[in-house]
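Taking it in order: structure first as structure tokens, then the write-up.
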């Protein structure tokens, strides 16, 4: 296992993610398809990691496991010292609510809520008062350049705008960890770059850790570290299997 | 309002089809329950009011046989027995103008403490004096008097069993503040009532107020032979009990409509949940817990339920006003004259509606809510996983179906009397069969897709295959609609079979050429008799070949009212009376020699009596047991009929009167001449109804149809619910596919081709619903006929399934499906593929 090192090279930073012998496989008829095979890895707080790999290589599966919306077949996952795999379903949900932010390829905004309400949702779930959550949502919308669209419904926005709202929603409650699954996969190159810029800027402002799944090397370049998913293993771009 | 709640609140108006179907399902279900309940309770209240008005505050009653009680018994009871709290009563039915009334002949001086009367303006002071001093004087409710155009002091004709008697309106009863139920009562002095009814020196009953058990025992011991002491409360209960089967069967019909409503609600709610699975998945990944998701779905159902209930209550009230007229008409036709009743808003009926509407909505939402929370969030995001889960669960669903059917059959087999268990069994079987429908849909679409595809091309194959591959949506919709269509088959076959059985029975029973009787209003009242002198003259008419005499009277037993039908059996009547139990030869021999009686099928079933048993009947010489020789086919609606030899009746009831005669003419072509001759003989003496067998058949079937009008109203409502539900559900299914259809347009499908695809699929869904409904409907009809009607009324009805009922149901399903495809096809034709693909 690699020793976690803070990216500025100073004293070791606290661990944000620890994967301990994590395995996951799916059954396809008679065949067992091993997606993750006893992987071990660690990410320190504030770091950014890109999961690079082709479709079906296990990037999304790993994100799902880290977020607790799926469970590994074996092994353990720790987030900021909390052993996620030891928690029951409800506790995992509440942990996710407080500490995680998601950005999806297909935005997944709630169509029945306005743009501002979508951003307020995680705040409200975390018990932030309405006035404060409203103020915060407007600040974030301002930060992603969409202050004028606060009362619009998502279907009125372009793809890039929707993804910027999704980023604002993911960071609204200042989560310790942001998981992004192909955040530019559904956008044109120029819009994708804009969205990545927004994401990077906001991560720096919030100091959150991020794990980003992508098949694009260009997108992966925004991360400090790059892991490749291949044949059930994680390989750091330096060439060492994790 | 929190944001989670907002997501629901805004979701439903964006899907108006689902919202409309769900609300309609709830509103119509609640409306039917509330309407039937309000109509039943209002009619029963009117019925009880009418009974209470004539029973008053009596604690007990002394009653006699059909010939009543000698007046001397009352004198003996009051003077010798010292029972001061007693009041003599003569009861009957009269008509004034076109309106019927209950006649209450009383002794005004003995009435204090039994009944209170509030005399209206224009008769005070003199009213009671006129009542006792002027023959034919009577008192009437002031609204009834106004409706008849009578003022106090006016003379009029009072018609009793077809005979006109002079009457005089001595006073009117105040409409306001008076006792309810008196609006349909004519009150006269006892002597006038005796004169009108031809009951000189006789009483119908003696009302008593007895404070203690010892008094009851003492009075009972001292009663002369042929009289019995009954509790007034018990008699009210018995009287009310006569209509219980009728109201129960209406409740059953309303429950059927609710069952259909529940399926529609379930369909709508589960559809809205399934459709939002990806959204629910997003919420779960944002940290919304399972309990919060379940709460959200249930809260949504609660709101839907409440809105539906409000609409349903209003609709139910309006509907109840229409139904009440039908219910009171049926009570008048079959049981007792209650006049016109008005709908009274009973809080309990409203509570039932609320509980049913909200409860059904929550129940319908519970399963989808549970399902939505069980799948891991990762899976809720994937549609394919849902379809896979549904396919995997088919086996489990089928096991549940078989268990439900087995439970239902068991419930029906182990009990043979309980109506409640009968209902429970029926619902279990229906639900069980309904659960088999998704498997049937999957199987059929799998099997048919290939052959149809080869014949009609790839797009048709896609449409048929799509039905089975989207089982999460289509399965529930087809099941819900199959139940709705099945309910229409069930009711249609039930009413059709019943009408067929009654028709066949009447054709057999009505074997004489003509029937002569006083007007029917008085039912089993003793005063309904043909004037003896007139009778002799009619029988002697040259057109008459031979005659069958019958006497029909009601007797009061401790277990309820029994109709006695004393007949001089003609060969024709005997040949057409079908014995369902007992050895026919022995039964007829016992009947002829007067050693036994026959009882009607309902009486036998409802009171668990059979050939060889004994039945206790109050005779003029006290209560006596009569041996039952056999059970005969009958469709009476009261608590049962005892048929006996007229000699036996004369012997024990000392009554030689004749209620009706069945006339066999020398030449059936002389019917008109006979009718004219009877009219000439009876003119000025007694009004008699002379009817041909064909007319009676028609009148009886009219009454049947009137009784079933309410069933037909409920049936049409069920059809309407099914139809609208089907159109809504199928349209919603297609609207949900608009993105997929947009993709097909982008691939090069023309609007026509996409429209064709939509229509083939909705048509397929309609056909599958219709096909699945056929066996389900026939089973439902069988249970309604052989379990529900049998247990409620004791009727034995032969089931006949007319092809028109089945074809009608299929046509309903196909027509709804055709309509359902129109809007999505039109919408697709007008929407650019790019925007269709952007649809949520």
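The values are calculated or read from the model by the stated rules, or taken from the named source; none is laboratory data. What you see is a predicted model; the values in this text were computed from it and never measured. All Cβ positions, glycine included, derive from the backbone under ideal geometry; neighbour counts span all protein chains shown.
Miscellaneous remarks
- Extreme residue, farthest from the other protein chains (Cβ to nearest Cβ), among residues of region A:52-68 that are modelled with pLDDT of 85 or more and in a loop (DSSP other than H, G, I, E, B): A:54
- Members of region A:81-127 that are touching a helix residue (DSSP H, G or I) at 6+ places or on another chain (Cβ under 7 Å), part of a loop (DSSP other than H, G, I, E, B), in contact (Cβ under 8 Å) with a residue 24 or more places away in the chain and more than 7 Å from chain B (Cβ to nearest Cβ): A:104, A:107, A:109, A:126
- Subset tally (residues that are modelled with pLDDT under 90 and at positive phi) for region A:79-109: 2
- For residue A:25: the one exception among (1) within 19 Å of residue A:95 (Cβ to Cβ); (2) surrounded by fewer than 22 Cβ atoms within 10 Å (Cβ to Cβ): (1)
- Any hit, region A:160-183, residues being at positive phi and surrounded by 21 or more Cβ atoms within 10 Å (Cβ to Cβ): yes
- Inspection of region A:142-159 finds a residue satisfying the criterion of being buried (at least 21 other Cβ atoms within 10 Å of the Cβ), modelled with pLDDT under 90, out of contact with any strand residue (DSSP E or B) (no Cβ under 7 Å at 6 or more places or on another chain) and in a helix (DSSP H, G or I).
- Selection of strands (runs of 3 or more DSSP E) fully inside region B:573-638 by the criterion of at least 2 residues being surrounded by fewer than 19 Cβ atoms within 10 Å (Cβ to Cβ) and in contact (Cβ under 8 Å) with a residue 60 or more places away in the chain returns B:622-632.
- Number of residues in region B:504-529 that are in a loop (DSSP other than H, G, I, E, B) and at pLDDT below 90 equals 12.
- Residues within region B:679-698 that are within 38 Å of the chain's Cα centre (by Cα) and surrounded by 14 or more Cβ atoms within 10 Å (Cβ to Cβ), tallied: 11
- Residues being within 13 Å of another protein chain (Cβ to nearest Cβ) and more than 22 Å from residue A:88 (Cβ to Cβ) - total across region B:268-300: 7
- Beta carbons closer than 6 Å, at least 6 apart along the sequence or on distinct chains, pair a first residue in region B:387-402 that is surrounded by 13 or more Cβ atoms within 10 Å (Cβ to Cβ) with a second that is at pLDDT 85 or above for B:394/B:439; B:397/B:435; B:398/B:439; B:400/B:435; B:401/B:432; B:401/B:435; B:401/B:436.
- Hits in region A:74-96 - residues which are crowded, with 21+ Cβ neighbours inside 10 Å and under 20 Å from residue A:168 (Cα atoms): A:96
- Helices (runs of 4 or more DSSP H) fully within region B:1-107 counting 1 or more residues that are within 37 Å of the chain's Cα centre (by Cα) and over 30 Å from residue A:97 (Cα atoms): B:16-55
- Scanning region A:186-223 for residues that are over 20 Å from residue A:67 (Cβ atoms) and loosely packed, with under 14 Cβ neighbours inside 10 Å yields A:188, A:189, A:190, A:197, A:201, A:204, A:205, A:217, A:218, A:221.
- Criterion violated by residue A:71 - all others in (1) surrounded by fewer than 20 Cβ atoms within 10 Å (Cβ to Cβ); (2) more than 18 Å from the chain's Cα centre (by Cα); (3) within 14 Å of chain B (Cβ to nearest Cβ); (4) farther than 30 Å from residue A:160 by Cβ satisfied: (2)
- Options B:103, B:38, B:24, B:12; residue that is crowded, with 18+ Cβ neighbours inside 10 Å and within 14 Å of another protein chain (Cβ to nearest Cβ): B:12
- Matching option when the condition is in a helix (DSSP H, G or I), within 14 Å of chain A (Cβ to nearest Cβ), touching a helix residue (DSSP H, G or I) at 6+ places or on another chain (Cβ under 6 Å) and modelled with pLDDT under 85, among B:361, B:385, B:349, B:330: B:385
- Flag: residue A:178 matches the condition of being at pLDDT 90 or above, more than 11 Å from every other protein chain (Cβ to nearest Cβ) and either part of a strand (DSSP E or B) or within 27 Å of residue A:215 (Cα to Cα) (or both).
- Residues that are assigned to a loop (DSSP other than H, G, I, E, B) and under 12 Å from residue A:167 (Cα atoms), drawn from region A:181-219: A:183, A:184
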